[in-house]
Amino acid sequence: MADLMEKIVSLAKRRGFIFQSSEIYGGINGFWDYGPLGVEMKKKLKDSWWKSVVQMRDNVVGLDTSIVAHPQTWIASGHVSNFSDPMVDCKKCKRRFRDDELVKDEEDPKIRAEKIAAMKCPNCGDGELTAPRLFNLMFKTFVGPMEDASAVAYLRPETCQSIFTQFKNVQITSRQKIPFGIAQIGKSFRNEITPRNFIFRSREFEQMEMEFFVHPNESDKWYEFWIQERFQWFQSLGVKKENLRLRPHRADELAHYAKGCTDVEFKFPWGFAELEGIANRGNYDLTQHLTHSGKDLSYFSEETKEKFVPAVVETSVGVDRTFLTLLCDAYHEDEAPTTEEGENEKRVVLRLSPEVAPIMVALFPLSKKLSEPVHKLEHSLRKHFSTDFDESGSIGKRYRRHDEIGTPFGVTYDFDSEKDQKVTVRHRDTMKQERVAIDQLLRYVSDNVTSDNLKG
Ligand code: ATP
């Protein structure tokens, strides 16, 4: 199955979804750039989350906060003292490892340390390894011209802390009453010791997080509610149910303040791994910021006349991990399907939901002589859908090119189109073809955009 990852990484590069960052300088480990198709798909993915979490609800509002926050934020949140991974260095070749990379499938850090003490460096073969040492994952920087301790700041390692520090401003200005949520999409940075698995674990990534503030007596109910909502969202994007699962954390995995945490996991080519975390966090976060800032972050209920510090249910998912999920889940190779133009070759197809497909409709003039009316047609569709115009190669080749990037509809304009004002619409998944009147095309595509219809 590692093979599948190679195919996906290669397709992502070849077709302009994702490039290695700074490739001409040899790349920089743990950083990636999204190309023309990648950026379209990523935007659609974020729009889908925003629609599902914010737009469709009257009790969740949005926020967009700065990446650099007051350093006190990270002291209050516990990140300065606790946000670290145990790492091990080879004294000879200087290679650095995460301890759980050296000793896999062992939950207990003490046993991992014992096993590491008895081993040699797997990189150079004979170097001695240091004992595991904690390594803080936050990127440090300086704010202003002085590079001294008073100017130290951090790039945020998660987006949610500013949701907590802005809780009061948002609650007052939006006039929301508890229970309500605050959602944010944005970049986060973690100096991961071993970035790996393409965009699964990188050093700069995007998160989509939502903090739902509730009365402490109601947190269990809302925790269950959000687990189901979030699990459903991945399925609404077409991810196959058998590739998804919910994994409740064991008691020993939970932070001391947390009442519960459940991961949505996806079956990546190397096995099930975390995609999203949903956590029942109690009122730890607001209490920490209240204590450190000295500001009142409690809530007064007009109905019950009760004043309390709200509890929080958090949903936290990576944009990039979801992107990788969609690519892995959508990737298919059809062995010699009966195809257009008698071509009988293997077909690579991304069965992406039209909601996230980078291009919705590709338009093909059968001959270059027919380009002009097709350009016109494309312009008329652009207001509604992302489109592409492709006039090179055989029609079969053009279909293949678009199958590989997940374009749901291919529209061919031929010499008959001149006479009957109809075009051939070809469906990506079923390869079914239909003649559709040009003046009905917009309607036709709109009516057929759900993946169910596409599968025929
Ligand atoms: P992991 O155990 O995989 O490091 P985590 O439990 O530290 O993840 P959280 O802090 O819960 O992750 O972050 C929430 C989500 O943010 C994760 O489920 C994941 O989708 C995403 N995420 C976290 N770290 C990274 C990373 N280094 N690269 C890409 N996405 C990430």
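The values are calculated or read from the model by the stated rules, or taken from the named source; none is laboratory data. Keep in mind it's a predicted model, so treat the numbers as computed, not measured. Note that each Cβ is placed from the backbone with ideal geometry, even for glycine, and that neighbours are counted across all protein chains shown. Ligands, DNA and RNA are excluded from the accessible area calculation, which covers all protein heavy atoms including side chains. Shrake-Rupley method; radii C 1.70, N 1.55, O 1.52, S 1.80 Å.
Computed quantities for the displayed model
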| quantity | calculated |
| --- | --- |
| ³J(HN,Hα), Karplus 6.51/-1.76/1.60, whole Hz, each residue of region 268-282, x for Gly, Pro | 6, x, 9, x, 5, 8, 5, 10, 8, x, 10, 10, 9, 9, x |
| The chain: projected area of the alpha-carbon convex hull, averaged over directions, in nm² | 27.2 |
| Under-5 Å amide H pairs with residue 153, H placed in peptide plane, nonlocal only | 141, 142, 143 |
| Cys with no candidate disulfide partner in the chain (beta-carbon separation under 4.7 Å rule) | 160, 261, 328 |
| Which of 249, 70 is most accessible, then next, and so on - probe 1.4 Å | 70, 249 |
| Where 79, 379, 256, 332 fall by accessible area, highest first, once all protein chains stay in place (1.4 Å) | 256, 379, 332, 79 |
| Mean separation of Cα contacts under 8 Å, 6 or more apart, over the residue count of region 84-136: relative contact order % | 49 |
| Computed accessible area, residue 32, all protein chains, 1.4 angstrom probe, square angstrom | 80 |
| Burial ranking of peptide ranges 88-97, 287-296 (average Cβ count within 10 Å, highest at the top) | 88-97, 287-296 |
| Rounded accessible area of residue 33 (nearest 10 Å², 1.4 Å probe) | 70 |
| The chain - share of DSSP beta bridges that are antiparallel (%, nearest 5) | 85 |
| Reciprocal of mean inverse Cα separation for region 359-454 (Kirkwood radius, Å) | 13.1 |
| HN-Hα J in Hz across region 416-432 - Karplus 6.51, -1.76, 1.60, θ = phi - 60°, x for Gly and Pro | 5, 4, 4, 8, 9, 6, 10, 10, 9, 9, 10, 8, 4, 7, 8, 6, 5 |
| Helix-only [θ]222 nm of the chain, DSSP H runs n ≥ 4, -39500 (n - 2.57) each, per residue, nearest 500 | -8500 deg cm²/dmol |
| Karplus-derived HN-Hα couplings along region 143-148 (A = 6.51, B = -1.76, C = 1.60, θ = phi - 60°), whole Hz, x at Gly and Pro | 9, x, x, 8, 9, 10 |
| Interchain or long-range residues, amide H under 5 Å from residue 299's placed H | 308, 309 |
| Amide hydrogen neighbours beyond the local backbone of residue 282, cut-off 5 Å, H modeled | 259, 312 |
| Exposure of residue 284 as accessible area (Å², to 10), given a probe of 1.4 Å and all protein chains | 50 |
